[in-house]
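Everything below concerns the one structure shown next.
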Amino acid sequence: MKEKKFIVVFCHSRAKLLNKCLSSIKNALDIGDWDVIVVHQKGYSNVSKVLDKYKNLINTLISVDAVSNYPLCNINFNRILGTKLAFEIYGADYVLGIEEDNVISKDSLRFISVIYDKFREVKAFRGINLGSLEFGQNVSLEGYSLLRFGLHGSAGVLTKNSWEHIKSKALFEFDVHNPAIAWDSEIEYYLKSGFMVTPNLSRNLDLGYGGTFAPKNKFDKYFISISKSWVKQLPKSPLVYGIEQINHSWRKDAVTYFKLHSIFYYFRQIKYVNKLFSNLEIRKMIFNVINKKY
């Protein structure tokens, strides 16, 4: 049976960047195998004009009003709405969520499909993040790593299996009007109980400096690093992707996946156990062991 692949684009106010985002999706390899959903928070006419420009690319457009005066609440609502629609209404096998101020590399969709087909039967496989901050001559164009990490909101993939767990545990069933809760933090511990596949050279470029929760300066280390890592051009010969495990520098908690450590991450999913670990400083002690360089 043919896989159901969906891209959900979240947009609000950044028309010029949205144009770049949708252009990169339109020009990506194998885009014909994917359906595109756009969740559009209304308020900017120039954004509506960009969406009209790409109406032949967009299979489903959902335009919504803001649900709150707090940006995070609107982000939570839009993210959950789009993700639920793709999985529960359209029956997606996997979903790439991407924010309006990001562009993807030409081989991003092919990379996702190859990785999904390789790991789909692996119980610990949670999804795929497209971003990387690594660069240099020793970082392979074809290599990827298995990391315990959360989902990159800028450009990341959830699988159907991950969604079923999120749904069964009601991890997205919270008050979206509460500005103290972020959608990605609610699912982070579950995702870390397995692994996210991450390309060693970035398949997305974040252009969102000055955004709501992004660094304001385009010369911030994050934006410089992801720009250096981003795969802008591909060689003529097809790429053969393979595991080439390297250390990634997203945060200290972006660690190499070892099955041996899974029991610790399993218990971290349980909130009261995780809180107890934190209060007793057990979590820090265990994490220092896990975070040793291998």
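Some points to look at:
- Note on the chain: with a GNM built from Cα contacts shorter than 10 Å, the maximum mean-square fluctuation among K160, K118, K228 falls on K118.
- Net lengthening on full extension, L239/L61 (0.36 nm per residue, minus Cα-Cα): 60.8 nm
- The chain: most fluctuating residue of S45, S202, S108 per GNM, C-alpha cutoff 10 Å: S45
- Comparing region 45-197 with the 2.2 N^0.38 Å rule of thumb, its C-alpha radius of gyration ratio is 1.10 (two decimals).
- Proximal charge balance of L234 [Cβ under 14 Å; K/R count +1, D/E count -1]: +2
- Footprinting exposure proxy for E99, E188 (fewest neighbouring C-beta atoms within 10 Å first): E188, E99
- Placing +1 on each Lys and Arg Cβ and -1 on each Asp and Glu Cβ, with no other charges, gives region 1-108 a dipole about its Cα centre of roughly 340 debye.
- Look at where the Cα atoms of region 190-239 and of region 54-124 average out, and the two centres are 17 Å apart.
- Restricted to Cα atoms, the chain shows a radius of gyration and a Dmax of 18.6, 56 angstrom.
- Note on K16: lysines with a C-alpha under 18 Å away, same-chain residues under 8 apart excluded, are K26, K42, K49, K53, K55, K216, K218.
- Between the listed residues V8, W230, V64, the Cα displaced farthest toward the positive end of the dipole of region 5-257, a dipole computed from Cβ unit charges relative to the Cα centre, is found at W230.
- From helices alone, the chain scores -10000 deg cm²/dmol at 222 nm; the rule is -39500 (n - 2.57) for each run of n ≥ 4 DSSP H residues, then divide by the residue total.
- Basic side chains Lys and Arg get +1 at the Cβ, acidic Asp and Glu get -1 at the Cβ, and with that the dipole of region 94-152 about its Cα centre reaches some 340 debye.
- One quarter of the convex hull surface built on the alpha carbon atoms of region 1-126 amounts to 8.1 nm², the projected area averaged over directions.
Rule-based calculations on the coordinates, nothing more; no lab input. Everything quoted here is computed from the prediction, not taken from an experiment. Glycine also receives a Cβ, built like all others from the backbone with ideal geometry; neighbour counts cover every protein chain displayed.
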